[in-house]
């Protein structure tokens with residue numbers, strides 16, 4: 001064997017080994033993600049309280065806020081400090097506190113949008129996924145899995161999921177190309193029983209009598 005052939009053989013062996021490792025990681029990631037999806041979709045409805053930390057190293061800005069989301073199939077009620085977003089799967093109501101206004105639109109979900117109600121199904125399309133490692137924090141073990149968008153123009157170049165050993169999502173972190181990051185951590189999670197009427201805007205829940213703007 002010539003020297004060139006020997007080095008070529010080494011390179012090909014290394015590449016094959018690397019590809020095999022990546023394939024194994026992807027398979028492991030899919031096993032975990034599939035189990036997470038099964039768990040959440042088996043729930044009739046659930047509610048989660050979360051903490052979001054936004055970090056911008058370039059500007060030195062760090063912001064923290066809390067939110068709550070209730071999910072039932074394609075319906076959800078998201079409560080944030082500055083707005084509420086409610087949908088029954090057909091119509092969406094967005095209440096903006098500062099403007100004291102409710103915008104009414106047709107619900108047209110963006111498959112690439114990252115929201116708490118879809119974080120456990122994102123991997124099914126438009127994302128590649130890889131198992132990063134198992135990490136232990138405060139005596140508890142977690143799976144770390146990275147989702148990377150197949151679209152290079154996507155707002156986020158990576159989403160890191162932290163998943164518990166019983167297939168629950170503990171946190172997810174979104175990384176933008178400008179170095180900004182958004183870390184969402186679940187602080188409280190519970191299955192709940194809610195009527196479908198909960199996912200429709202009810203002016204009685206808003207004593208400030210917001211202006212309604214129908215944009216449909």
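At-a-glance table
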quantity: Filtered residues of the range 149-163 (kept if farther than 25 Å from residue 137 by Cβ and in a strand (DSSP E or B)); calculated: 149
quantity: Positions within the range 164-196 being part of a strand (DSSP E or B), more than 12 Å from the chain's Cα centre (by Cα) and in contact (Cβ under 8 Å) with a residue 40 or more places away in the chain, in sequence order; calculated: 181, 187, 188, 189, 190, 191
quantity: Residue in the range 92-114 that is in contact with a helix residue (DSSP H, G or I) (Cβ under 6 Å, 6 or more places away or on another chain) and either surrounded by 14 or more Cβ atoms within 10 Å (Cβ to Cβ) or touching a residue at least 60 places away in the same chain (Cβ under 8 Å) (or both) present; calculated: no
quantity: Test: residue in the range 3-21 that is at pLDDT below 95, surrounded by fewer than 16 Cβ atoms within 10 Å (Cβ to Cβ), more than 18 Å from residue 194 (Cα to Cα) and under 24 Å from the mean Cα position of the chain (by Cα); calculated: no
quantity: Those residues of the range 115-129 which are in a strand (DSSP E or B) and surrounded by 15 or more Cβ atoms within 10 Å (Cβ to Cβ), in sequence order; calculated: 127, 129
quantity: Those residues of the range 197-216 which are assigned to a loop (DSSP other than H, G, I, E, B), farther than 17 Å from residue 90 by Cα and touching a strand residue (DSSP E or B) at 6+ places or on another chain (Cβ under 8 Å), in sequence order; calculated: 206, 210
quantity: Tally, over the range 77-91, of residues that are in a strand (DSSP E or B), out of contact with any helix residue (DSSP H, G or I) (no Cβ under 7 Å at 6 or more places or on another chain) and touching a residue at least 40 places away in the same chain (Cβ under 8 Å); calculated: 1
quantity: Residues of the range 133-172 satisfying the condition of being surrounded by 16 or more Cβ atoms within 10 Å (Cβ to Cβ) and farther than 26 Å from residue 110 by Cα; calculated: 142, 143
quantity: Number of positions in the range 42-83 that are surrounded by 14 or more Cβ atoms within 10 Å (Cβ to Cβ) and more than 18 Å from the chain's Cα centre (by Cα); calculated: 2
quantity: Cross-chain or 6+ apart pairs with Cβ under 7 Å, the range 146-161 first and at positive phi and at pLDDT below 95, then exposed (fewer than 12 other Cβ atoms within 10 Å of the Cβ) and assigned to a loop (DSSP other than H, G, I, E, B); calculated: none
quantity: Neighbours by Cβ (under 7 Å, 6+ apart or cross-chain): first from the range 118-130, at positive phi and touching a residue at least 12 places away in the same chain (Cβ under 8 Å); second surrounded by fewer than 21 Cβ atoms within 10 Å (Cβ to Cβ) and in a strand (DSSP E or B); calculated: 126/149
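Per-residue answers, yes or no, for (1) at pLDDT 95 or above; (2) closer than 25 Å to residue 40 by Cα:
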| residue | (1), (2) |
| --- | --- |
| 103 | yes, no |
| 106 | yes, no |
| 112 | no, yes |
| 118 | no, yes |
| 163 | yes, yes |
| 213 | yes, no |
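The values are calculated or read from the model by the stated rules, or taken from the named source; none is laboratory data. Keep in mind it's a predicted model, so treat the numbers as computed, not measured. Cβ sites come from the backbone with ideal geometry, for glycine too, and all protein chains shown count toward neighbours.
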